[in-house]
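The structure appears right after this line, and notes come after that.
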Amino acid sequence: MTVKSSQFMSKIINPISVVIPTRTIVEPHINKVKKSFSHPKTEMLVYENNGEYSLPQLYNRGLEESTNNIVVFMHDDIDIETTNVTGKLNKLFDTFPEYGIIGLAGTDDLVNGMWWSKRDKMYGQVKHEHNGKVHRNNYSGTFGDGLKDVTKASALIVGASPVEELPIVAVYGVSKNRISNYKLKSGNYPNKKEVIVGLSIYDSLKNKNEVKIANETFKVSGVFKSQIGFENGGVVLNLDDASTIFNKSASMILVNAKVDPDIQTIVNKISKLSNEIEVKSTQNFVDNYNQFKIIKVTSNVIALIAFCMGLLGIVSMMSITINQRKSEFGIKRALGISMNKIINQILFESSILGFVAFISSFFLANIVLYIIKNIPSLHGYVNGEITTTLSIQVLVASILMAIIGSIIPALNASKTDPVSLIQGNRI
């Protein structure tokens, strides 16, 4: 049994989808299974399969086609003796909202397809019928209304976004069963449209009540300290909010291994499952994450180079423009217009030019950021935004660049004889 979303938790008994692959559909058996769930809206997804598909393929198909939040996967040789299964499963997921998958019987040490090969690792109680006789296999004692925590896998979305004056802040969207990894120093764990912030970043925030991420405002519900040092400089929110921001359901799946395992052996085994799966140990991930520290310095250097190149470009452009208008300036001076007024005119025109350039670049930058945000190969890690403060800073910088860039050719023109300007001699 698996839950597709954590948002269904309530006192309402939600209907369930049941997925059953089988070689031959036997209607009486299917009807009996549906009756045991005791809910009129139980969705039965039965797939007849004569070897065309593997069992995981059909289970994945059922998960995609199901319309309910709780999905039950069943073999076609299973009989359910109890009733009101829908109500009981709803109660389990209500009681244990941090769990996404619940099994009735199985093993906690699946080293191969033969889950029965290690008897001491098996759990559950199952009845078997053979030649008219029924016997029960008690792999373990009953857990009553509780659950046996076998293994923990959690979903994580990792992204980056500006927060206030900090150009790059790590943003973590986490599933409910991982949120407890972030130990609260104060406040509460986040609900929808809320975040908790790392201890090291909290002190640098001017507004400690809310933060803005990707143009969305989130309430700060608490401050946390993580066992992983670099996470203390990040922001944590629930998985659904992060999914909306970064346009993805998850960046990675985290699996908790047993104490003192051979990590590399586990990595190699998981890697062999598919070429599309990239597996990293925690240490490898931390080493890769340290590369983000370079981004801030690099972005500042690039910004400085871009500013200098823009300044040189404006000086060059204004020099050419004034040179082409030297006859106009000569006539104005011959008519008695002071050079100060001409210089003010040039500076005003430069300011207008800088403003127009800002407006054009602002819209272009937003288009580029939107494209970058939705590039599949970037996996949603890059999610820039143009804040109001940044917009004002860029606007002022653009106008100053235009004014500074026009002062030199304007002063040069002011020192030139009007007759020379009219005759078209050099400035």
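Any read-out appearing in this document is the output of simple, stated calculations on the displayed coordinates, not a laboratory observation. The shown structure was predicted, so the numbers you read here are calculated from the model rather than taken from an experiment. Don't worry about glycine lacking a Cβ; one is built from the backbone with ideal geometry, like all the others, and counts go over all protein chains shown.
Report the full-extension gain for the segment S38 to I277: residue separation times 0.36 nm, less the Cα-Cα distance, to one decimal in nm.
This chain segment gains 82.1 nm when fully extended.
Under the rule a/c < 1.5 gives rounded, and otherwise a/b versus b/c splits prolate from oblate, where does the stretch 2-102 land using the Cα gyration tensor?
Taking the square roots of the gyration eigenvalues as a ≥ b ≥ c, the stretch 2-102 is oblate.
Using label points projected 7 Å from each Cα along Cα→Cβ, tell me how many nm separate K225 and I305, to one decimal.
It works out to 4.1 nm between the two label points.
Distance cut-off 28 Å, Cα to Cα: go down the list K127/K269; K185/K212; K34/K127; K32/K248; K35/K121; K225/K248 and report the pairs above it.
Checking Cα-Cα distances, K127/K269; K32/K248; K35/K121 exceed 28 Å.
Can you put M44, M122 in order of Cβ neighbours within 10 angstrom, beginning with the fewest?
By the 10 Å Cβ count, ascending: M44, M122.
When V33, V279 are ordered from fewest to most other Cβ atoms inside 10 Å of their Cβ, what list results?
Ranking V33, V279 by Cβ neighbours within 10 Å, fewest first, gives V279, V33.
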